[in-house]
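Each value in this text was obtained by applying a stated rule to the coordinates, not by laboratory testing. Fair warning: this is a prediction, and the values are worked out from it, not measured in the lab. Please note: Cβ atoms are built from the backbone with ideal geometry, for glycine as well, and neighbour counts cover all protein chains shown.
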Amino acid sequence: MRLRCVRQSPVFEKFFAGTRSENGFFPFLHFVAFLCVAMRGLASSIFLVLFCGVSQAEENTSPADATVSSAVASEGLVASPRIETKTLESSHFVLHYDARLEQTTPDYAAQALLALEAARRNLQTLLGVVANQSIAVFLDLEDAYSQEVEARFGFATIAFYDGAMHLRAPRGAGVELYALLQHEYFHAVFREKVGADQPFWLNEGLAELFERSTLQHPGLNESELRELEEAVRSGRWIPLPRLERNFVGLREDEIRLAYLESSVAAIWVQEHVGGGAMPKLFEALAAAKQRSDAVDVALRAVLGLDTAGIDQALRDTFFARLEAVSPQ
Ligand SMILES: [Zn+2]
């Protein structure tokens, strides 16, 4: 178990059938922006920023930017002594990776570090926050990853954050890897800034949006919006307060819905928090965290609504969409 310097439960990404693929992606489908055109503009900007960021990193990074410790056994996932692990560092990350990843992509680790540094810059641009501390990142192939994760959690995940980032690494260092790294990097920043993983729906929702910003069509697509509408209409909608602590205890179909609800709730927060005010919300959450009603105190102070109020606003929005398309 790779718990390091954490008292909270890890933030893990659970599988859910149907839409989220093995690599943690929702399918591309046609993109339909949710709630307002401004969000669509933001989404496009996010992709451009990421694209430019990665390009810039590729241009600027030289071997001098990273140091390699060859065949250094990390304190992370060493499920078998036969698995060789290596360590590569950049300014803000220490990467521990399975040496087998270099078989198909010789510069896999260097590309992962470039992506991490790009994620750091992108989050600074988008939300005005970055992690101040160096972050440990463990990239493991499926055999070793699954062995440890199943022993630890008892169910499949594709990644989790427990004070360090842990990923079941895709074989190729492409957009799938970048998106996963973005997602888990956000969890790292959230915990550093807030001092906790709650509200879990906001943490997961913003991580999902940040992950999706890697894609050419970020945000929620029309199919997902209809799924949320149906959840509201049928009563399957999970009240946001239920998603405040964690997703533990949810059925598989509910987990998928929980991620979607969290994403749409995060979009709502982004729209209502005001430009540049996300750090203010994180500060408010951190300042109130000793209180039993910390989340609601912080949300009310910054957004004017507590968790239940945001939940109602979201359901009202979907009811309005339903009414708009209902035959007269
Ligand atoms: Zn997550």
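Taking a sphere under 14 Å around the Cβ of ARG291 and counting the other residues whose Cβ falls inside, with K and R at +1 and D and E at -1, yields a net charge of -2. Peptides 113-123, 225-235, 153-163, 173-183 ranked from most to least packed, by the mean per-residue count of other Cβ atoms within 10 Å: 113-123, 173-183, 153-163, 225-235.
The slack in the chain from THR125 to GLN103, taken as 0.36 nm per residue of separation less the alpha-carbon distance, amounts to 4.5 nm.
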